[in-house]
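For reference, the structure is listed below as structure tokens.
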Amino acid sequence: MESAYQNESGYKNSHMIIDEKDCTKAMLSIKDALEAVEGRWKLLIIYSLCSGPKRFKEISREVTAISDKTLAKELKNLQMSKLINRTVHDSFPPIVEYSMTPHAMNLKNVLFELWSWGIAHRLEVIGK
């Protein structure tokens, strides 16, 4: 398995080969990543923010079928995972915007790969 990934700390691994000794360490990193974006909604919320900051209702309209209660909970979880920022603008009425953190920007390639794989998967399974 090869990768050309570089994270914000500068770690670059251009030839990741997983053998039995490295497998547990690699699985821990994968587990950490999956826990940060687990669930039905988190990646869709992050994807919604790829085009720039948005208000709560804008995200709610783009991420269809999510309830306001669930969206609020997921936004708080994404904040705690340092994947999104919540900015309250000093205005009347107050404007609250959500945006991706620099840390979350690293997920753009992952989202593209998921989108690409999702298209291929849909063709494979559904034929459309």
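Since every read-out is calculated from the coordinates, none of them should be taken as a lab result. For clarity, every value in this text was computed on a predicted model and none was experimentally measured. Neighbour counts run over all protein chains shown; Cβ positions are idealised from the backbone, glycine included.
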Using the Cα centre as the reference, give the magnitude of the dipole from point charges on the C-beta atoms of segment 40-125 (Lys, Arg: +1; Asp, Glu: -1; all else neutral), rounded to the nearest 20 debye.
220 debye
Label point distance in nm, VAL96-LYS31, each placed 7 Å from Cα along Cα→Cβ
3.4 nm
Per-residue Cβ contact counts at 10 Å, fewest first, order LEU75, LEU43, LEU34 as LEU34, LEU43, LEU75
Contact order normalised by residue count of segment 53-128, Cα under 8 Å, 6+ apart, percent:
27 percent
Which of TYR47, TYR98 comes first, and how do the rest follow, when ranked by fewest Cβ neighbours within 10 Å?
TYR47, TYR98
Taking 0.36 nm per residue of separation between GLN79 and LEU123 and subtracting their Cα-Cα distance, the length gained on full extension comes to 12.4 nm
Kindly state, as a whole number, the per residue volume in cubic angstrom of the convex hull around the alpha carbon atoms of segment 40-125.
102 Å³
Taking a crude spin-label model, label points 7 Å out from Cα along the C-beta direction, the ARG86 to LEU43 distance in nm is 2.5 nm
Taking 7 Å along the Cα-to-C-beta vector as the label spot, tell me the TRP115-CYS23 distance in nanometres, rounded to one decimal.
3.4 nm
Taking a straight Cα-to-Cα line shorter than 19 Å from LYS42, and setting aside same-chain lysines fewer than 8 residues away, one finds LYS31, LYS54, LYS57, LYS69, LYS73, LYS76, LYS82, LYS108
